[in-house]
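So the structure is just underneath, and the comments pick up after that.
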Amino acid sequence: MNGHHAWEDIVKLGASLFGRRLTFGRTGNISIRDGDRILITPTNTGLGSLAGTRPASIGIDGTHHDGPPPSKEAFLHAAMYRARPEALAVVHLHSTNAVAVSCLTGLDVADALPPLTAYYAMRVGRLPLLPYYRPGDPALRPVAEQAALRHHALLLANHGPIAAAADLSSAADVVEEIEETARIFLRLHGLQWNALTPAQIADIRSWRNPVSEPADA
């Protein structure tokens with residue numbers, strides 16, 4: 001992987017996410033892995049302001065190698081990569097509707113959102129809700145790494161979603177699918193609604209769609 005081109009892809013994605021209000025201010029972080037090297041957005045830099053900046057580089061253990069200081073949540077990206085060796089990209093957002101859902105009481109911590117649509121079932125699958133830790137708290141590292149062994153997408157309580165995937169666009173698809181399903185879920189509040197049945201989900205997973213993200217069981 002060419003590091004310059006990888007960073008250009010991150011810059012373009014950051015601008016797209018910021019422009020569509022899926023992130024705001026200096027929140028959210030994006031990374032791409034190349035072997036044991038991880039390029040990640042720097043700390044205190046908004047995803048809409050990455051043009052003209054340099055990436056931070058960290059190791060798979062989360063150690064800062066070179067470039068500007070990495071996002072304070074770089075350890076979380078490294079944990080996702082260690083748990084999922086096939087992953088080459090991680091996207092973490094503080095997107096409004098997903099954060100709102102993560103603040104609700106009474107959620108199933110093993111699966112925070114219901115499978116309301118086929119694309120959510122394909123791209124996300126089960127979405128565990130992790131306990132709250134302050135942003136940058138290294139105590140989250142082992143909790144996230146353990147959860148990521150079985151799930152490529154996680155929802156951090158009172159914080160937001162994070163997803164690992166085989167490439168940058170797929171990781172973005174997952175967090176965007178979480179955000180849109182969270183929006184639908186909140187709009188259905190107080191109404192009667194139907195989620196997809198286990199049989200419908202099994203049918204979806206048996207359908208080999210090359211553009212879909214394999215969902216967790």
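Within the stretch 197-217, the set of residues being modelled with pLDDT under 95, part of a loop (DSSP other than H, G, I, E, B) and more than 22 Å from Ala163 (Cα to Cα) comprises just one member, Trp207.
Of all residues in the stretch 1-22, which are of a type in the set (S, T, N, Q) and farther than 15 Å from Ala171 by Cα? Hit for the stretch 1-22 is Asn2, nothing else.
Of the residues making up the stretch 59-74, at least one is touching a Gly at 6+ places or on another chain (Cβ under 8 Å) and without any contact (Cβ under 8 Å) to a residue 60 or more places away in the chain. The residues of the stretch 48-77 that are of a type in the set (A, V, I, L, M) and under 12 Å from Trp7 (Cα atoms), listed by number, are Leu50, Ala51, Ala56. Summed over the stretch 72-108, the residues that are over 14 Å from Leu156 (Cβ atoms) and under 17 Å from the mean Cα position of the chain (by Cα) give a count of 13.
Here the condition is being modelled with pLDDT under 95 and surrounded by fewer than 16 Cβ atoms within 10 Å (Cβ to Cβ); of Gly106, Gly52, it holds for Gly52 alone. Summed over the stretch 48-58, the residues that are closer than 22 Å to Ala87 by Cα and out of contact with any Gly (no Cβ under 8 Å at 6 or more places or on another chain) give a count of 1. Report every pair of residues separated by at least 6 positions or lying on different chains whose Cβ atoms are under 7 Å apart, first residue within the stretch 187-216 and surrounded by 14 or more Cβ atoms within 10 Å (Cβ to Cβ), second at pLDDT 95 or above and β-branched (Val, Ile, Thr). So the pair list comes out as Glu213/Val174; Ala215/Val124. Against the conditions (1) outside any strand (DSSP E or B); (2) surrounded by 24 or more Cβ atoms within 10 Å (Cβ to Cβ), Arg150 satisfies every one except (2). Give me the pairs: first residue in the stretch 24-47 and farther than 20 Å from Ala83 by Cα and crowded, with 24+ Cβ neighbours inside 10 Å, second residue of a type in the set (A, V, I, L, M) and at pLDDT 95 or above, beta-carbon distance under 6 Å, and six or more apart or on different chains, which are they? From residues that are farther than 20 Å from Ala83 by Cα and crowded, with 24+ Cβ neighbours inside 10 Å, the pairs are Gly28/Leu47; Gly28/Leu93; Thr41/Ile30; Leu47/Leu17. Residues of the stretch 129-141 include none that is assigned to a helix (DSSP H, G or I), acidic (Asp, Glu) and surrounded by fewer than 19 Cβ atoms within 10 Å (Cβ to Cβ).
Would the stretch 65-84 turn up any residue that is in a loop (DSSP other than H, G, I, E, B), surrounded by fewer than 24 Cβ atoms within 10 Å (Cβ to Cβ) and aliphatic (A, V, I, L, M)? Looking for residues that are in a loop (DSSP other than H, G, I, E, B), surrounded by fewer than 24 Cβ atoms within 10 Å (Cβ to Cβ) and aliphatic (A, V, I, L, M), one finds none in the stretch 65-84, hence no.
The values are calculated or read from the model by the stated rules, or taken from the named source; none is laboratory data. Please read all numbers here as calculations on a predicted model, not as lab measurements. Note that each Cβ is placed from the backbone with ideal geometry, even for glycine, and that neighbours are counted across all protein chains shown.
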